[in-house]
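Heads up: the structure comes next, in structure tokens.
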Amino acid sequence: MRIAILSDIHSNLEALNIALKDIEAKKPDVVVCLGDIIGYGANPNECIDLVRAHCDIVLLGNHDAALFDPSLVVFFNPLARTALQWTLRTLTPENVAFLRSLRLTTELHNILFVHASPTRPAAWEYIVDQTDAQRHFPSFHQQLCFVGHSHIPGIYSVEGKEAMLLQGKRYIINVGSIGQPRDRDPRLSYGLFDVEEWNYGLVRLEYSVSTAAQKILDAGLPSALAYRLFEGR
Ligand code: ZN
């Protein structure tokens, strides 16, 4: 069984289209979206439609949740807040209802999937390095936990940051972001995991950053949201 895991699409249709085309060619058995379909980019409805059509499991992200939970908006920086308000005006009622229906976690083949962290999924804590990852291992019983949220890919065991998986060990794996990578690499990222082979790979692909950025400017969204895509930050 092969599982494709994507996260943090953030209304970036250009990046999502490239990722889905690649996933279609690789034919995984299950496609999981870890949330944050919307926020920042210019095509929220189109991205939700594609996720609904192509992903078998879709989880809730903090940007999705903030659409209908105003208490979360106070944690957003001004750029994210502006994008959220724009998204709320742009989304169809049907797509708002879809986001509202999403759950925080799911489990499959002894693997936990969650947007932010396994300890308190609705607290939206960031896992960006080994120190962050370490304290979450006691809070889940599955062998693997896939997360997104920080937009920074990484494989973590209790011992440290890892380059690959060893049989029998437990890991927290961050698959990075489709629509707004923040590890200084502007290419989109998503994860591919083979359950039987116990093999994980991070896929990095180029997409038309300039098209996605131009759409953000044309929509009247903050220009910083366009420029950061070129730098992957
Ligand atoms: Zn995000």
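The values are calculated or read from the model by the stated rules, or taken from the named source; none is laboratory data. Quick caveat: nothing in here was measured; it's all calculated off a predicted structure. Virtual Cβ from ideal backbone geometry, glycine too; neighbours counted across all protein chains shown.
So Asn110 passes all but one of these: (1) within 16 Å of the ligand (Cβ to nearest atom); (2) out of contact with any helix residue (DSSP H, G or I) (no Cβ under 7 Å at 6 or more places or on another chain); (3) within 16 Å of Val32 (Cβ to Cβ). Which condition number does it fail?
Condition (1) is where Asn110 drops out.
Test His141 against the criterion of being of a type outside the set (Phe, Trp, Tyr) and touching a residue at least 40 places away in the same chain (Cβ under 8 Å), and give yes or no.
For His141, the condition - of a type outside the set (Phe, Trp, Tyr) and touching a residue at least 40 places away in the same chain (Cβ under 8 Å) - is not met.
Condition check ((1) of a type outside the set (Gly, Ala, Ser); (2) within 27 Å of Ile3 (Cα to Cα); (3) in contact with a Leu (Cβ under 7 Å, 6 or more places away or on another chain)) across all residues:
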| residue | (1), (2), (3) |
| --- | --- |
| Phe75 | yes, no, no |
| Ala80 | no, no, no |
| Trp86 | yes, no, yes |
| Ser101 | no, yes, no |
| Leu104 | yes, yes, yes |
| Glu107 | yes, yes, no |
| Ile111 | yes, yes, yes |
| Val114 | yes, yes, yes |
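With (1) closer than 24 Å to Ala226 by Cα; (2) in a helix (DSSP H, G or I) as the list, and Tyr126 as the residue in question, which single condition is left unmet?
With respect to (1) closer than 24 Å to Ala226 by Cα; (2) in a helix (DSSP H, G or I), Tyr126 is out only on (2).
Looking for something in contact with a Cys (Cβ under 9 Å, 6 or more places away or on another chain) and crowded, with 23+ Cβ neighbours inside 10 Å - is there at least one such residue anywhere in the stretch 66-77?
No, that holds for no residue.
So that you can scan it fast, the table gives a plain yes or no per residue for (1) crowded, with 17+ Cβ neighbours inside 10 Å; (2) more than 19 Å from Glu162 (Cβ to Cβ):
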{"site": "Glu107", "(1), (2)": "no, yes"}
{"site": "Asn110", "(1), (2)": "no, no"}
{"site": "Ser117", "(1), (2)": "yes, no"}
{"site": "Trp124", "(1), (2)": "yes, yes"}
{"site": "Val128", "(1), (2)": "no, no"}
{"site": "Thr131", "(1), (2)": "no, no"}
{"site": "Arg135", "(1), (2)": "no, no"}
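Within the stretch 70-82, does at least one residue satisfy the condition of being small (Gly, Ala, Ser) and modelled with pLDDT of 95 or more?
no
Out of all the residues in the stretch 131-169, which are under 21 Å from the mean Cα position of the chain (by Cα), over 24 Å from Ile57 (Cβ atoms) and among the hydrophobic types (A, V, I, L, M, F, W, C)?
If the condition is that a residue be under 21 Å from the mean Cα position of the chain (by Cα), over 24 Å from Ile57 (Cβ atoms) and among the hydrophobic types (A, V, I, L, M, F, W, C), then Ala163, Met164 are the ones that fit.
When the residues of the stretch 183-233 are filtered to those that are at positive phi and either surrounded by fewer than 18 Cβ atoms within 10 Å (Cβ to Cβ) or assigned to a strand (DSSP E or B) (or both), which remaining residue is modelled with the lowest pLDDT?
Among those residues, the one meeting the criterion is Trp198.
Among the residues of the stretch 148-181 satisfying the criterion of being in contact (Cβ under 8 Å) with a residue 24 or more places away in the chain and not in a loop (DSSP other than H, G, I, E, B), which is surrounded by the fewest Cβ atoms within 10 Å (Cβ to Cβ)?
Taking the candidates together, the pick is Lys161.
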